[in-house]
1. If the elastic network links every pair of Cα atoms under 10 Å, which of Arg236, Arg77, Arg201 fluctuates the most in the Gaussian network model of the chain?
2. Gap in Å between the Cα centre of segment 230-250 and the Cα centre of segment 163-201?
3. Neighbouring Cβ atoms within 10 Å as the yardstick, rank His51, His3, His155, His120 fewest first.
4. Considering only Leu168, Gly178, Leu228, whose Cα is most displaced toward the positive end of the charge dipole of the chain, charges sitting on Cβ of Lys, Arg (+1) and Asp, Glu (-1)?
5. Dipole magnitude of segment 111-228 about its Cα centre, charges +1 at Lys/Arg Cβ and -1 at Asp/Glu Cβ only, in debye to the nearest 20?
6. So if I take the centroid of the Cα atoms in segment 92-119 and the same for segment 123-161, what is the distance between those two points in Å?
7. Given a cut-off of 26 Å, name the pairs among Lys146/Lys191; Lys73/Lys99; Lys99/Lys148; Lys45/Lys218 whose C-alpha atoms lie farther apart than that in the structure shown.
8. Evaluate the charge dipole of the chain about its Cα centre and quote only its size in Debye, nearest 20, assuming +1 on the Cβ of each Lys and Arg and -1 on the Cβ of each Asp and Glu.
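Nothing in this text is a laboratory measurement; each read-out follows from the coordinates by a stated rule. In this text, all values refer to a predicted model and were calculated from it rather than measured experimentally. A quick note on method: Cβ atoms are made from the backbone with ideal geometry, for glycine too, and the neighbour counts reach across all protein chains shown.
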Amino acid sequence: MVHFVGAGPGAPDLITLRGAELLKKADCIIYAGSLVNPALLEMAKADCEIHNSATMTLEQVLDVIYRMEAAGKETVRLHTGDASLFGAIREQMDALDEKGIAYDDTPGVSSFCGAAAALHAEYTLPGVSQSLIITRMAGRTPVPEKEKLSSMAKHQASMVLFLSSGLLEEVQEELLLGGYQKDTPAAIVYKATWPDEKVIRCTVGTLAQRGAEEGIRKTALLLIGDFLDSCYERSRLYDPTFTTEFREASAAKQQ
Ligand code: SAH
């Protein structure tokens, strides 16, 4: 059987308990070498066969899986963060479906959650934004025209850009074109939750300059929006004057 596992954003103790158990039992681990923390591989059995998919094609990954399946072995396909975001898992799952090979998928902590934690930020602040746009700048991999960054920017929602830290000039231009103000808060989070994590707070207008100054080219997320500012409304859920399914509003505060 094949187990797709989200490794989490970097810190080895941010893998899920289920993911760790699967790693410990695996006969073979194929890990996304560019971003998965190699410390996770220390959990592997002594005789576990380990492959770094950074140097492999989809076909080579599948060949390893097929070989393991033929021998009745368990394979863990270890992806960075959560595999459902820019993880290229669908093409692997479809290939396994075609061969009738069973698999499951264990979610992971995505790097956009690690980045928010590093910033002590909440994406969905009442009175500021109740939506999070997760996207990327078009690069060597195109983005559908209707999802062009400048169009997405028009929403002025909280935004996280993956795979875009090598294109900071273009990102900044598209965000401004879409309607964000130059002084809209922004942040670059490099290697969230890794020991060499770097948090750079800036604005949309200084994104490219600050990124260049700090030498950011990859393994970073770009966060944009007023959720990084200090103005917001209190949540209703914990407001004493608001009745919820679990709590009556307190009379004192009701008048
Ligand atoms: N599935 C992953 C994303 C894979 S795409 C997830 O859920 O996080 C790879 C991109 O993710 C990188 O180019 C970078 O933009 C981002 N990324 C992954 N790990 C990161 C980390 N620890 N800190 C900052 N960005 C990270």
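1. Maximum among the listed residues: Arg236.
2. Centre-to-centre distance over Cα atoms comes out at 33 Å.
3. His120, His155, His51, His3
4. Result: Leu228, furthest along the dipole toward the positive end.
5. About 200 debye.
6. 21
7. Lys146/Lys191; Lys99/Lys148; Lys45/Lys218
8. 380
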